[in-house]
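Data block below; observations after.
The values are calculated or read from the model by the stated rules, or taken from the named source; none is laboratory data. Model, not experiment: these values are computed from the prediction. Counting neighbours? That spans all protein chains shown, and the Cβs are built from the backbone with ideal geometry, glycine included. SASA here: full protein model, heavy atoms, side chains in, ligands and nucleic acids out. Shrake-Rupley method; radii C 1.70, N 1.55, O 1.52, S 1.80 Å.
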Amino acid sequence: DPAQYPSLLLKVLADDGAVVYLNGVEVSRINMPTGAITYQTGARSAVGGSGEGEFAETTLNAPPLVAGDNVLAVEVHQDRASSSDVSFDLWLGVAATTPAQDEEMLVAAGSVWKYLDDGSDQEIMWSQPEFDDTAWKSGPAQFGYGEGDEATVVGFGPDATNKHMTTYFRHTFTV
């Protein structure tokens, strides 16, 4: 029952920046400019979230959940095409309201995601629940390259001095 979740806590690790969609609705931006975002849009700076290797936290009030399958779609952006690293992981759940209470997870950090790392322009359809991602690769988070702590290494293209600016991620969870 989606009504059981009037607000959610979103924690995103994104080096350098990210745009997060829930069921096709943009719900968060981390270290990204305002306005329209394309696959070539750079993050505002080289360190996303609250710092290198740290999760940025956002409260989602009245999240657009549906009964049954829900889709998180995240595009991670570099600040420049020559960036030396990229990272992504995500946690979604209900924050503990007392010190003795545990957080309730809907999506755990380290979950398996579908991803596309080919440098293509996916426009906006990829963030919609009905999008067919069966041809995409999959693997567990943390995703990235260049730091050595990745569970899944994503590609950056054929030229290390001109890397792909955006990598796309999708994960389905049930409410």
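Summary of computed values
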quantity: Distance in nm between pseudo-label sites at S82 and Q128 (7 Å out along the Cβ direction from Cα); calculated: 3.9 nm
quantity: Sparsely packed GluC sites (Glu not before Pro) within the stretch 61-128, loop by DSSP, other Cβ within 10 Å at most 16; calculated: E103, E123
quantity: Estimated FRET transfer efficiency when R0 is 25 angstrom, pair A135-T161 (beta carbons, to 0.05); calculated: 0.30
quantity: Highest-fluctuation residue, S87, S127, S138 considered, GNM on the chain with Cα pairs under 10 Å; calculated: S138
quantity: Extension gain (nm, one decimal) between M105 and Q4, 0.36 nm per residue minus Cα-Cα; calculated: 35.0 nm
quantity: P(r) weight above 19 Å for the stretch 90-173, C-alpha pairs, percent; calculated: 50 percent
quantity: Taking all pairs of distinct alpha-carbon atoms in the chain, Kirkwood radius in angstrom; calculated: 16.2 Å
quantity: F173 paired with E26, simple spin-label distance in nm, labels 7 Å along Cα-to-beta-carbon; calculated: 2.2 nm
quantity: Max mean-square fluctuation residue, GNM over the chain, Cα-Cα springs under 10 Å, options E130, E57, E150; calculated: E130
quantity: The chain - accessible surface per residue (Å², probe 1.4 Å); calculated: 46 Å²
quantity: Lysines with Cα under 25 Å of K163, excluding same-chain neighbours fewer than 8 positions away; calculated: K114, K137
quantity: GNM top mover of T152, T41, T134 - the chain, alpha-carbon springs below 10 Å; calculated: T134
quantity: Model label zone, A95; criterion: amide N under 12 Å from point 7 Å along Cα-to-beta-carbon; scope the stretch 4-39; calculated: 7-11
